[in-house]
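S.K.: Before we start, here is the structure in question, set down as structure tokens.
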Amino acid sequence: MAQHCPECGFANADGANYCQRCGAFLAQSDPPPGATTATYKVGETGELEEITVDDFQARGATLVIRAGGGRAGESFSLQGERLTVGRRPDSDIFLDDITVSRDHAVIVRRGSDYFLDDCGSLNGTYVNRSRIESHRLTDGDELQVGKYKLAFLSR
């Protein structure tokens, strides 16, 4: 069953949170009571090994995939001055989804702050449900790139 956009009327796929045509927010989906974000890493044997967000965050700012692409819980430590986000396989944060541009966005460290800059992507980059061109990230921000929702966690 399609979900119709309240702004433009476009029929979106069931379960979509943002309109594929205009980017409008479609529905609020609250997490179940007591839900937490789990994170993991791929071990040397290829098996998933659970790690705590606190351990991962000890290395610095972190992005955690909260939903999308069956990758919930996957984490990325934001090390370095510049990280690319996109559908290009050699992106620092590779998001394999047709609605993600090859060179979708970039995360840039400026001083002690991290900024998310959209790279002219077709479907846009969202922070806390608002489309952005450039945004200074703060702890707890929710990023949406294509079907992926990520949480920004600062140290």
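The values are calculated or read from the model by the stated rules, or taken from the named source; none is laboratory data. This structure is a prediction, so every number in the text was calculated from the model and none was measured. Neighbour counts are summed over all protein chains in view; Cβ atoms, including those assigned to glycine, are modelled from backbone coordinates with ideal geometry. Note: areas computed on protein heavy atoms with side chains; ligands, DNA, RNA excluded. Shrake-Rupley method; radii C 1.70, N 1.55, O 1.52, S 1.80 Å.
S.K.: Tell me the residue from 85, 100 that is under 13 Å from the mean Cα position of the chain (by Cα), under 21 Å from residue 22 (Cβ atoms) and in contact (Cβ under 8 Å) with a residue 40 or more places away in the chain, please. Quick ask: steps written out before the conclusion?
M.R.: Numbers: 85 fails: under 21 Å from residue 22 (Cβ atoms).
One residue alone meets the criteria, 100.
S.K.: Can residue 108 be described as under 16 Å from residue 146 (Cβ atoms), β-branched (Val, Ile, Thr) and either part of a strand (DSSP E or B) or modelled with pLDDT under 75 (or both)?
M.R.: No, not satisfied.
S.K.: Any idea which residue in the stretch 128-155 is surrounded by the fewest Cβ atoms within 10 Å (Cβ to Cβ), counting only those that are part of a strand (DSSP E or B) and among the charged types (D, E, K, R)?
M.R.: Within the stretch 128-155, the subset part of a strand (DSSP E or B) is 130-132, 134-136, 142-145, 148-153.
If we keep only those that are among the charged types (D, E, K, R) too, we end up with 131, 136, 142, 149.
Numbers: 131: 16, 136: 12, 142: 14, 149: 19.
Selected residue: 136.
S.K.: Here is a further query. Condition (residue is part of a loop (DSSP other than H, G, I, E, B), open to solvent by 20 Å² or more (accessible area, probe 1.4 Å) and modelled with pLDDT of 90 or more) applied to the stretch 28-42: is it met by at least one residue? Reasoning before the result, please.
M.R.: Applying the first criterion (part of a loop (DSSP other than H, G, I, E, B)) to the stretch 28-42 yields 28-38.
Those still in the list that are open to solvent by 20 Å² or more (accessible area, probe 1.4 Å) too: 28-38.
Then keep just the ones that are modelled with pLDDT of 90 or more; that gives none.
No, the stretch 28-42 has no match at all.
S.K.: Yes or no: residue 107 over 23 Å from residue 20 (Cβ atoms), touching a strand residue (DSSP E or B) at 6+ places or on another chain (Cβ under 6 Å) and open to solvent by less than 10 Å² (accessible area, probe 1.4 Å)?
M.R.: Taking the combined requirement at face value, the residue satisfies it.
S.K.: Residues in the stretch 91-99: is at least one closer than 20 Å to residue 71 by Cα, of a type in the set (A, V, I, L, M) and in contact with a strand residue (DSSP E or B) (Cβ under 6 Å, 6 or more places away or on another chain)?
M.R.: yes
S.K.: Any idea which of 86, 146, 80, 124 is within 19 Å of residue 60 (Cβ to Cβ) and among the small types (Gly, Ala, Ser)?
M.R.: 80
S.K.: Still on this structure: Are there strands (runs of 3 or more DSSP E) fully within the stretch 47-86 with at least 2 residues that are modelled with pLDDT of 85 or more? List them.
M.R.: 62-67, 75-77, 82-86
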